[in-house]
Amino acid sequence: MLAETICSAVSAAGLGIAAVTAYRRRFLTATRIAAYALVPAGLVLTGVVGWVSGMVFKPSVWIGFGLLGLAWLLFVTTRTVERRRLGKDPEAAAAGAPKAAKGRRGRGAVAPTASAPSLGSGSRPAPQARPAAAAPADDFSDIEAILKKHGI
């Protein structure tokens, strides 16, 4: 009951501020203020405020949120521990080096007998040299002509 009264008072105050703003001929701002002022009244009339206030003040709801938080914490902890265990080889664990190119099942990403890619010359011809760019004086000749045209 108190929440509905507060929301109604906030809506009434917002509509009053919107009226004063409209009186000052700032209609766009006044319309925006009126829109924000009508939100609390709309929430009260749809029953959202009663639902939220009923949910907030029940201890069983807070126990449920606590259990959800605990479940999330346990999930994150187990994922972290799992990633640390999978990230190291048994032999490399003593040296502290992470496992290279291994998935969850321990298979390598590349076959052990695969050869390195050849970096020899391909079928593309070598790039030809481009003609030299025009001298900088030529680039500014158009600008000089425009400036002379305007008497500068």
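A simple rule links phi to the HN-Hα coupling: the Karplus curve 6.51 cos²θ - 1.76 cosθ + 1.60 with θ = phi - 60°, which for segment 18-28 gives 5, 5, 5, 5, 5, 4, 7, 6, 10, 5, 5 Hz, with x for Gly and Pro. Computed with a 1.4 Å probe over protein heavy atoms only, the accessible area of F140 comes to about 110 Å².
The values are calculated or read from the model by the stated rules, or taken from the named source; none is laboratory data. Note that this is a predicted model, so its numbers are computed, not measured. The accessibility values were calculated without ligands, DNA or RNA, using every heavy atom of the protein model including side chains. Shrake-Rupley method; radii C 1.70, N 1.55, O 1.52, S 1.80 Å.
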